[in-house]
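Worksheet for the structure shown next.
Read the figures in this text as sums done on the coordinates, not as results from a lab. Not measured: the values here are computed from a predicted model. Neighbour counts are summed over all protein chains in view; Cβ atoms, including those assigned to glycine, are modelled from backbone coordinates with ideal geometry.
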Amino acid sequence: MDYGKLCHDVLDLDPKVRFVGVCDNTGVIKRGGLREGIKSFLTDEEIKNANLITLERWRLHNKFADRIGKARYAMEEYEKVKQITIPLEDEHLLLISTEVDADHGKIIESAIQLIISNYVKDYL
């Protein structure tokens, strides 16, 4: 999967998307970044720690996957941003941050459709 292209394509889905990145199972962002002109609320070290928390939370979401099915995505809303997590292949996660007033439902469904139609034939 071309993670760089995926990040670019997701960033282009909506101008309210602040950040798109692909995180591996160590919390490192492999591809992606902030939209031009956007400043991060977190330092690089805080971002890595937040990614590790996101990875652990994702594992918890899937603790009962054998009984209720795999999680398709997770979304959290904070006072300043919304955070969206979507699973990818090989224990990678697609991380999307948006403005609080973004239409997260539209962004989530568009991102999943983008993944299905262009990157992964067997998405969940």
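Identification of strands (runs of 3 or more DSSP E) wholly contained in segment 1-78 with 2 or more residues that are farther than 22 Å from Ile115 by Cα yields no element.
For segment 89-117, a residue qualifies if it is of a type in the set (Asp, Glu) and either free of Cβ contacts under 8 Å to residues at least 12 places away in the same chain or on the phi > 0 side of the Ramachandran plot (or both), and the qualifying residues are Asp90, Glu91, Glu109. Here the condition is being touching an Asp or Glu at 6+ places or on another chain (Cβ under 7 Å) and crowded, with 16+ Cβ neighbours inside 10 Å; of Leu114, Leu55, Leu94, Leu88, it holds for Leu114 alone.
Assess whether Lys82 counts as being among the basic types (Lys, Arg), free of Cβ contacts under 8 Å to residues at least 24 places away in the same chain, in contact with a Gly (Cβ under 9 Å, 6 or more places away or on another chain) and surrounded by 15 or more Cβ atoms within 10 Å (Cβ to Cβ).
Values: among the basic types (Lys, Arg): yes; free of Cβ contacts under 8 Å to residues at least 24 places away in the same chain: yes; in contact with a Gly (Cβ under 9 Å, 6 or more places away or on another chain): no; surrounded by 15 or more Cβ atoms within 10 Å (Cβ to Cβ): yes.
Criteria not met by Lys82.
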